[in-house]
Amino acid sequence: MKSVVSNKILIIEDNEQNLYLETYLLENSGYQVIAARDGPEAIQLAERVNADIILLDIQLPGMDGFAVLKAIKKIPRIADVPVIAVTSHAMTGDRERILAAGCVDYIEKPIDPEIFVAQIEKYLPTRTDHE
Ligand code: MN
């Protein structure tokens with residue numbers, strides 16, 4: 001018997017409005033969303049939840065996104081989970097810095113609701129078992 005498994009997405013985001021919109025769009029497309037609002041919570045959850053992809057805000061209070069990414073990449077079991085930076089205030093060189101740090105991609109805020117899910121689905125494994 002084949003089962004349909006919804007992909008799990010860990011969102012690390014301290015802004016409630018952004019978190020709400022991202023969660024809404026992803027859940028509407030059938031994904032399971034787990035939210036973390038700061039770095040320490042994100043690292044704890046990342047170790048536990050087996051996310052298929054991680055969305056990472058770079059501007060976080062206290063521990064910034066680069067520090068969170070570094071910590072995640074040190075945990076062997078989750079080091080290969082794709083991390084996409086979702087962040088605003090991109091300055092020249094930010095994109096390169098984010099990719100060099102180990103993110104697979106970079107989505108600029110404000111996010112575009114028309115393409116947001118598709119931007120993430122590029123990095124997700126197929127959602128169902130095929131017969
Ligand atoms: Mn933020």
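The values are calculated or read from the model by the stated rules, or taken from the named source; none is laboratory data. What you see is a predicted model; the values in this text were computed from it and never measured. Cβ sites come from the backbone with ideal geometry, for glycine too, and all protein chains shown count toward neighbours. When the accessible area is computed, the model is the full protein with side chains, heavy atoms only, and any ligands, DNA or RNA have been set aside. Shrake-Rupley method; radii C 1.70, N 1.55, O 1.52, S 1.80 Å.
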Between rounded, prolate and oblate, where does the stretch 75-124 land on the alpha carbon gyration tensor, with a ≥ b ≥ c its root eigenvalues, rounded for a/c under 1.5, else prolate if a/b exceeds b/c? oblate
Efficiency by 1/(1 + (r/R0)^6): what FRET value for Glu41 and Asp105, r their Cβ-Cβ distance, R0 = 25 Å, to the nearest 0.05? 0.60
Here the net charge surrounding Ala101, from other residues whose Cβ is less than 10 Å away from its Cβ (Lys, Arg +1; Asp, Glu -1), is +2
Once you've got the GNM for the chain with C-alpha springs shorter than 10 Å, pick whichever of Gly65, Gly30, Gly102 has the biggest mean-square fluctuation. Gly30
Enumerate the amide H contacts of Leu60 below 5 Å, restricted to partners 5 or more residues apart or on another chain; note that Pro and chain-start residues carry no placed amide H. Gly65
Surface accessible to a 1.4 Å probe, per residue, for the residues of the chain, Å²: 57
Considering the chain as a Gaussian network with a 10 Å cut-off on Cα pairs, which listed residue, Asn28, Asn18, Asn50, attains the greatest mean-square fluctuation? Asn28
For the stretch 41-93, fraction of C-alpha pairs farther apart than 15 Å, in %: 44
Of all accessible surface on the stretch 8-121 at a 1.4 Å probe, what whole percent is carbon and sulfur? 51
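From the protein chains alone at 1.4 Å, what is the descending order of accessible area for Arg37, Arg97, Arg48, largest first? List each step's numbers first, then the result.
Values: Arg37 100, Arg97 135, Arg48 160 Å².
Descending order: Arg48, Arg97, Arg37.
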Just the accessible area for Val117, please: 1.4 Å probe, Å², rounded to the nearest 10? 20
P(r) weight above 20 Å for the chain, C-alpha pairs, percent: 41
So how much slack lies between Asn15 and Ser29, counting 0.36 nm per residue of separation and subtracting their Cα-Cα distance, in nm? 2.9 nm
Ser6/Asp80 FRET efficiency (R0 25 Å; Cβ-Cβ; nearest 0.05): 0.80
Relative contact order for the stretch 8-121: what percent, with Cα pairs under 8 Å and sequence separation of 6 or more? 24
